[in-house]
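Just below is one structure, and these are the notes that go with it.
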Amino acid sequence: MANPITRTRGTGSPARRTMTAAARAAAKRARRPKPDETALQAEGRPSGRTVLIEPPGGWDDPPEPKPKPEPEPGADEQEDAPARPPRLPRLLTAAVCLALAAALAVAAVLAWQYRQGQQTARARAEALAATRKAAPVVLSYDYRHLDRDFARARALLTGAFRDQYDKTTKTVVGPTARKYHGVVRAAVAAPTDGGAPAVSVVSAAPDKVVVLLFVDQVTQSTQVSGSRLDLNRVRMTLTRTSGGWRVSAVDAL
C-alpha cells in the first residue's frame with residue numbers, strides 16, 4: 001500500500017502561490033454585487049469609478065448672504081418726493097403773504113372808515129336840515145286847532161317818543177291849552193343880522209344824530225298878560241328811518 005502524500009501549506013512553487021492568491025481576489029470581486037448601471041444613469045451619475053478631486057487648499061464654504069436691510073417707513077415716498085426747496089425762500093414767501101394780508105386788512109379798514117366818514121357827514125347835513133324843520137312844528141300848538149297841530153307833529157316823530165307825545169298831548173297839553181286858550185309859537189333862534197340858526201351837532205353816526213339848538217318860544221294864554229318869550233336850549237335826537245329822519249327824543253336843558 002502506497003503511502004499517502006501529505007501536502008502542507010507553503011509547499012509548491014512561489015509562482016503557483018501567487019496565482020492562487022490572485023484567483024481568490026478575483027473570485028471575491030466576482031461575488032460582489034455590481035451596481036445597476038441603469039440606476040446610475042437615471043440618477044445622472046456616470047458608471048464606472050468616481051474620482052474625487054480635492055483642491056490643494058480644500059473647499060471653503062461659500063460666505064453666507066447678508067440680510068438685506070428693510071427700508072424705513074416712508075423711505076420710498078421720500079425718494080419719490082420732489083426735492084424740498086431751501087427754507088429761506090419759504091420764509092420769504094410766508095413773510096410776503098403776511099405783509100400782503102396786513103396791507104389788505106389796513107386797506108379794508110381805511111375804506112370802511114372813509115365810507116363811514118362820508119355817511120356820517122351826509123347824516124349831519126341831513127339831520128340839521130330835519131331839525132330846523134321839525135323843531136317849530138313839534139314845539140308849537142294853538143288851542144283853536146290842536147288836533148291838526150298834534151297830527152303834524154306826530155308825523156315827524158318815531159319810536160317810543162311818538163307814543164309818549166301822544167299820551168302827553170292828550171292828557172296834559174291839550175286840556176290845558178283848551179282851558180286857558182293857550183298858543184305857543186316856537187322858532188329856532190337866529191342872529192339878528194340874519195346869520196345861520198343856532199343849531200349844532202353834538203354827536204353823529206350814519207343812522208343817528210344828536211343836535212343842540214336854541215329855541216325861542218312865545219306863549220299866549222289867559223294866564224299871561226300879553227305874551228311871554230322863553231329862550232330855551234333843547235337837545236333833539238334824530239334817527240334815520242325808511243321815511244327819512246325822524247325825532248326820537250326831545251330834552252329841555
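The values are calculated or read from the model by the stated rules, or taken from the named source; none is laboratory data. These numbers come from a predicted model, not from an experiment. Counting neighbours? That spans all protein chains shown, and the Cβs are built from the backbone with ideal geometry, glycine included.
Things to note:
- A search for C-beta distances below 7 Å between a residue of the range 205-230 that is in contact (Cβ under 8 Å) with a residue 24 or more places away in the chain and hydrophobic (A, V, I, L, M, F, W, C) and any residue that is assigned to a loop (DSSP other than H, G, I, E, B) and crowded, with 17+ Cβ neighbours inside 10 Å, counting only pairs 6+ apart in sequence or on different chains, returns Val215/Leu139.
- Taking the criterion of being out of contact with any helix residue (DSSP H, G or I) (no Cβ under 8 Å at 6 or more places or on another chain) and in a loop (DSSP other than H, G, I, E, B), the residues of the range 115-160 that qualify are Leu139, Ala155, Thr158.
- Unique match (being surrounded by 13 or more Cβ atoms within 10 Å (Cβ to Cβ), under 29 Å from Gln118 (Cβ atoms) and aromatic (Phe, Trp, Tyr)) among Phe150, Phe161: Phe161
- Residue among Ser248, Ser225 that alone is in a strand (DSSP E or B) and small (Gly, Ala, Ser): Ser248
- Flag for Thr239 being part of a strand (DSSP E or B), at pLDDT 90 or above and buried (at least 16 other Cβ atoms within 10 Å of the Cβ): yes
- When each of Ala134, Ala151, Ala155 is tested for being under 22 Å from Leu229 (Cα atoms), more than 46 Å from the chain's Cα centre (by Cα) and among the small types (Gly, Ala, Ser), the lone residue that passes is Ala134.
- Scanning the range 158-192 for residues that are under 28 Å from Ser225 (Cβ atoms) and of a type in the set (Ser, Thr, Tyr) yields Thr168, Thr169, Thr171, Thr176, Tyr180, Thr192.
- Exactly one residue out of Leu98, Leu104, Leu128, Leu88 is surrounded by fewer than 10 Cβ atoms within 10 Å (Cβ to Cβ) and modelled with pLDDT under 95: that is Leu88.
- The combined condition, being touching a helix residue (DSSP H, G or I) at 6+ places or on another chain (Cβ under 8 Å), basic (Lys, Arg) and closer than 16 Å to Ser140 by Cα, is fulfilled by Arg178.
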